[in-house]
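Worksheet for the structure shown next.
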Amino acid sequence: MTRPGRSWSIVVRLSASYALITIALLSLFGAFLYWSLKESLEVTARNTLADKISVMREILTERPNDQEALEEEVQWESTARRQSVYYSRLVQENGALVIQSAGAQSLIPPLSACPPPAPEDRPIGETQEFHPAPGQTLLVSSAGATASGAGKPAADQRFIYTVALDVTTERHILNDYRNKLLLVLVAGSVVSAVAGTYVARRGIRPIQEISAAAHRITANVLAERVGSTAWPRELASLATEFDAMLQRLEDSFRRLSQFSADIAHELRTPVNNLMGEAEVALRRERSSGEYARVIASSLEEYHRLAELIDSLLFLARAENADLSLHKTWFQVTDELGQLLSYHELQATELEIKLSLFGDAQLFADSSLFRRAISNVVTNALKHTPPGGSVSVEVYPQRDIVKILVKDDGTGIPAEHLPRLFDRFYRVDSSRTTSVAGTGLGLAIVKSIVDLHGGSVTIQSEPGKGTVVTFEFPSLPGVKREPETQPALRV
C-alpha cells in the first residue's frame, strides 16, 4: 500500500517561498555590491600605481641628473602619505640598485618574484598581491623607464621601477563589508520568514473563514451562505460557486423531502383502499360474486401501484444516467401516426379532432419519443371539451426538430406553469395526471427530453388552450423535408 506523501500547509509553503526569494535577492544584490566595491578599490589602487610610475618616468625623462627629485619621489613622498602608503625601488636593467624607499628592502620581493615590468608604452603592467607579514597586503607592479640626457644616471639607460602599494586597509574594509552583507543576508532571511508567516496567516484567513462557514452547514442547516462577506477577488468566485452548490443541495434536499412526502401520500391512498376493501370483505361471509368485485377493485389499485412504481423507477434511472438510449433514425410522421391511431378511439368518444402536420427525420429512441408525446396528448385529450381539437405539428429546422402539441382546451393558470414538470404536482383535479393519476406524466416527459439533450416548454392561457413545444436536437447535414405537409387526419 502506497503511503501518501507528506503534506505541507499553505502557510509553511508561502513562508518558505518568501524566505527563499529574499535569500536569493539579497544574495544577488550583496554579491553585486561586494563586486562593485572590490572593483572600485582595485581600480583606485591600479590608478595610484600608474600615477607613481608615470611620475618616475617623467623625472627620468626630463631630469635624469636630478638626484634630489629622485630621492623626494622615492624616499620622502612614500613616507609623507598617511593614506595610500607605498614603497618603491628603482634599479638598473642589469639589477643594480639605484634608490629605494625606507623599508622597501624587507617588503618588496626580489625582482625575479615581481610581475614582469610593463613596457614604456603602457602606463601599468600586471599587478600581484604579496603578504610580507600576517595581516599586511601589498599590491606590487613594475614598469620599464628610460633615462635620457648626460650625466648620472647614464644617458639613455634603461631602468625598472617597482612600486608596492599597501592595500591592507582596503582589504579590511572589503572584509568588513562582506561580513556586514552576510549579517544582512541572515537577518533579512529571518525577518522575511517571520514576516512571511504573518502575511501568509493573514492571507489564508478568508479560507479559514470559508471552512468555518462550511463546517456550520449540515443537512438541517442548508440556508447559510458564505458569499455575503466581501471576500478577496481570488476567493469571490470560490464563494459564489460554493453558495451555488449549497443552493443546489438545498433544492435537492427540499425536492427529496417533498418527493418522499408525495410518495407516502400517493402510496397511502391505494393501500388504505385495499385494506378497507379487504376488511369489509372479511367481516362476514360473502358470495363469490361479491368477492370477485372486491378482487376486481383491488386489481385496479394494484395496476395503479404498478404504474406508480414503474414511473418512479423510470425517473430514478433517468436521473442516475442508468437508462440506456437505443437511438435510431426514423420518420417522425410514422411514429406519431401510430401514436395518434392509438388515441383515436378515445378522441372519437370525446368528440375531439386529432390531426398531424409536417414531417422530419429524427435520430432518437423511438419508444421513449412516443412515450413523451403520448403523455402530453393524453393530457390534452383529458382537458379539451367536446368539439375541440388536438393537433401535433412537426417543423424541421437547422439544428433541431420542433414538435408542437396544441389543444384548445381549458388552459392552465400562469402561476402553475413553472411547476408543471415537478413530480406529483397537480393544478386542480390533476391537469398533469397523465399516468394513472400519479402526477408523474410531465416529469417523465421532461426526463425523456433531457436524456436526448432537448428541451420542452409549455405555454397556456385559461380558456384558450395549451401549447407544449418539444425541441429535439438533430445531427447536421440531415436531409430536411418541407416545412409542412398536407394535414393528415388520424
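The values are calculated or read from the model by the stated rules, or taken from the named source; none is laboratory data. Nothing here was measured: the structure is a model prediction, and the numbers come from that model. As a convention, Cβ positions derive from the backbone with ideal geometry for all residues, glycine included, and neighbour counts pool all protein chains shown.
Per-structure values
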{"item": "The range 379-397, residues that are of a type in the set (Val, Ile, Thr), outside any loop (DSSP other than H, G, I, E, B) and over 12 Å from Gly358 (Cα atoms)", "result": "Val390"}
{"item": "Close pairs (8 angstrom Cβ cut-off, 6 or more residues apart or separate chains): at pLDDT 90 or above and in a helix (DSSP H, G or I) in the range 178-198, aliphatic (A, V, I, L, M) and surrounded by 12 or more Cβ atoms within 10 Å (Cβ to Cβ) anywhere", "result": "Leu181/Leu33; Val184/Leu26; Leu185/Ile23; Leu185/Leu26"}
{"item": "Residue among Ala45, Ala102, Ala96 that alone is without any contact (Cβ under 8 Å) to a residue 40 or more places away in the chain, in contact with a helix residue (DSSP H, G or I) (Cβ under 9 Å, 6 or more places away or on another chain) and not polar (S, T, N, Q)", "result": "Ala102"}
{"item": "Failed item in (1) surrounded by fewer than 15 Cβ atoms within 10 Å (Cβ to Cβ); (2) at pLDDT below 90, with Val11 passing the rest", "result": "(1)"}
{"item": "Some residue of the range 236-251 being assigned to a loop (DSSP other than H, G, I, E, B) and surrounded by 12 or more Cβ atoms within 10 Å (Cβ to Cβ)", "result": "no"}
{"item": "Scan of the range 183-203 for residues that are loosely packed, with under 14 Cβ neighbours inside 10 Å and charged (D, E, K, R), ordered by number", "result": "Arg202"}
{"item": "Selection from the range 331-362 of residues that are hydroxyl-bearing (Ser, Thr, Tyr), closer than 18 Å to Pro385 by Cβ and assigned to a helix (DSSP H, G or I)", "result": "Thr348"}
{"item": "Residue count, the range 48-76 (criterion: in contact (Cβ under 8 Å) with a residue 40 or more places away in the chain and assigned to a helix (DSSP H, G or I))", "result": "11"}
{"item": "Arg248, sole failed condition from (1) closer than 30 Å to Val91 by Cα; (2) of a type outside the set (Asp, Glu); (3) at pLDDT 80 or above", "result": "(1)"}
{"item": "Test result for Gly437, surrounded by fewer than 19 Cβ atoms within 10 Å (Cβ to Cβ) and at pLDDT 85 or above", "result": "no"}
{"item": "Members of the range 87-146 that are in a strand (DSSP E or B) and closer than 22 Å to His172 by Cβ", "result": "Tyr87, Gln128, Glu129, Phe130, Leu138, Leu139, Val140, Ser141"}
{"item": "Some residue of the range 180-192 being outside the structural domain of Asn65 (by TED's automatic domain parsing), farther than 30 Å from Val11 by Cβ and out of contact with any Cys (no Cβ under 7 Å at 6 or more places or on another chain)", "result": "yes"}
